[in-house]
Amino acid sequence: MAEECDTCGRSVTVDEAIRRETVGDLDSDRWQTLCCPDCGARLRTVFVGPDS
Ligand SMILES: [Zn+2]
């Protein structure tokens, strides 16, 4: 599954995307923001946890 970057048009897979902490009040253990590896634009916020 891939996201398309609105800024540079690149198709970015989840593995390629840069993961950053979300802005705001979301728990960073559970939510991460996926960013484009080329231009750094935010692609989407994903639920990543908790690991059990
Ligand atoms: Zn981009």
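Coordinate-derived values only; no laboratory data. Just so we're clear, the structure is a prediction, and the values are computed from it rather than from any experiment. Note that we place each Cβ from the backbone using ideal geometry, even for glycine, and neighbour counts take in every protein chain shown.
When only DSSP loop residues count, what trypsin sites (Lys or Arg not before Pro) in the chain have their Cβ near at most 14 other Cβ atoms within 10 Å?
Loop-located and lightly packed - R30.
Dipole of the chain, Cα-centred, from +1 at each Lys and Arg C-beta and -1 at each Asp and Glu C-beta, to the nearest 20 debye?
Computed charge dipole of the chain: roughly 100 debye.
Note the per residue figure in Å³ for the convex hull of the C-alpha positions in the range 2-47.
61
So between T13 and R30, what do we pick up on full extension, going 0.36 nm a residue minus the alpha carbon distance?
The span from T13 to R30 would gain 4.2 nm if fully extended.
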